[in-house]
Amino acid sequence: MIIGVTGIIGSGKSTAALLLARRLRARVLDADRIGREVLAGNHLVRFCLRCIFGSLERGVIARQAFASRAKLFWLNALTHPWICGIIRRRLRAGGDWVLDAPLLFQAGLAKDCDYVILLTARRPTLIRRLSARGYTAAQIRQRLAAGRDTPRYRRRAAAVIANDGSLADLKKALRAIPSELS
């Protein structure tokens, strides 16, 4: 079984993915971590990113990408094929997986999942969580502007969890996910 977990930054995707993986005795496949692997080890991607961003430092790339739709487009266009390829190879190895992917729908990875969960949170909750992680007000505005929580994604998800409460609330919401996942 492959469960996809997606949502905007600060919505609780990674926490939900870890909780689900424990419940299901599954492995977590973290798209952001794989993105870091691609940036560290793919020479073609590194060359192209250096040409576009002038740097390979993740902070520099993030600042520029979230400040410019064109640069965000190129970042995604260069990295997503590699990230998706690695994810699909790992999923084909078999077993139960929880795929933690912020751009699950946009990257076309939802079709690889048996079940998709979309995590949402209200803007004040997202701001509070991102501030706690050390993001500046400008960085928060840029990242939230780049994120998408459209009705189309809500319709495509098998479950939508509004994650504005406590960790206990999230655990309760995840337990309400159908028992056939257990």
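The values are calculated or read from the model by the stated rules, or taken from the named source; none is laboratory data. If you're wondering where the values come from, they're calculated on a predicted model, not measured in any experiment. Virtual Cβ from ideal backbone geometry, glycine too; neighbours counted across all protein chains shown.
Here is a list: Ile34, Ile9, Ile3. Which entry is touching a residue at least 40 places away in the same chain (Cβ under 8 Å) and touching a Cys at 6+ places or on another chain (Cβ under 8 Å)?
Testing whether each residue is touching a residue at least 40 places away in the same chain (Cβ under 8 Å) and touching a Cys at 6+ places or on another chain (Cβ under 8 Å) leaves just Ile3.
Ile127: among the aliphatic types (A, V, I, L, M), farther than 20 Å from Leu18 by Cβ and at pLDDT 95 or above, yes or no?
yes
Every residue in region 1-45 that is farther than 19 Å from Leu91 by Cα, outside any helix (DSSP H, G or I) and among the polar types (S, T, N, Q), please.
Of everything in region 1-45, those that are farther than 19 Å from Leu91 by Cα, outside any helix (DSSP H, G or I) and among the polar types (S, T, N, Q) turn out to be Ser11, Asn42.
What do you reckon, is Ala40 at pLDDT below 95 and not charged (D, E, K, R)?
Yes, satisfied.
Considering each of Asp100, Asp114 in turn, give the residue that is exposed (fewer than 14 other Cβ atoms within 10 Å of the Cβ), in contact with a strand residue (DSSP E or B) (Cβ under 6 Å, 6 or more places away or on another chain) and either of a type in the set (A, V, I, L, M) or within 23 Å of Val160 (Cβ to Cβ) (or both).
Numbers: Asp100 fails: exposed (fewer than 14 other Cβ atoms within 10 Å of the Cβ).
The conditions single out Asp114.
Among the residues that make up region 81-93, is at least one of them in contact with a helix residue (DSSP H, G or I) (Cβ under 9 Å, 6 or more places away or on another chain), part of a helix (DSSP H, G or I) and without any contact (Cβ under 8 Å) to a residue 12 or more places away in the chain?
Within region 81-93 (the criterion being in contact with a helix residue (DSSP H, G or I) (Cβ under 9 Å, 6 or more places away or on another chain), part of a helix (DSSP H, G or I) and without any contact (Cβ under 8 Å) to a residue 12 or more places away in the chain), the answer is no, since none of the residues qualifies.
Given (1) modelled with pLDDT of 95 or more; (2) surrounded by 14 or more Cβ atoms within 10 Å (Cβ to Cβ), identify the lone condition not met by Arg89.
Every listed condition holds for Arg89 apart from (2).
Only one of these is of a type in the set (Lys, Arg), assigned to a helix (DSSP H, G or I) and touching a residue at least 40 places away in the same chain (Cβ under 8 Å): Arg129, Arg141. Name it.
Details: Arg141 fails: touching a residue at least 40 places away in the same chain (Cβ under 8 Å).
From the options Arg129, Arg141, the qualifying one is Arg129.
Filter region 144-179 down to residues that are in contact with a strand residue (DSSP E or B) (Cβ under 7 Å, 6 or more places away or on another chain) and in a loop (DSSP other than H, G, I, E, B) and give me whichever is modelled with the lowest pLDDT.
Once the filter is applied, the top-ranked residue is Asp149.
Mind listing whichever residues of region 20-37 are touching a strand residue (DSSP E or B) at 6+ places or on another chain (Cβ under 9 Å) and within 21 Å of Arg175 (Cα to Cα)?
Within region 20-37, Leu20, Ala21, Leu24, Ala26, Arg27, Val28, Leu29 qualify.
Which pairs have Cβ atoms under 6 Å, sit 6 or more apart or on different chains, and link a residue in region 154-173 that is touching a residue at least 24 places away in the same chain (Cβ under 8 Å) to one that is surrounded by fewer than 15 Cβ atoms within 10 Å (Cβ to Cβ) and part of a helix (DSSP H, G or I)?
Short answer, once both residue conditions are applied: Val160/Arg154.
Taking the stated definitions as given, is Lys111 in a helix (DSSP H, G or I) and either within 17 Å of the chain's Cα centre (by Cα) or small (Gly, Ala, Ser) (or both)?
Working: in a helix (DSSP H, G or I): yes; either within 17 Å of the chain's Cα centre (by Cα) or small (Gly, Ala, Ser) (or both): yes.
Spelling it out, Lys111 is indeed in a helix (DSSP H, G or I) and either within 17 Å of the chain's Cα centre (by Cα) or small (Gly, Ala, Ser) (or both).
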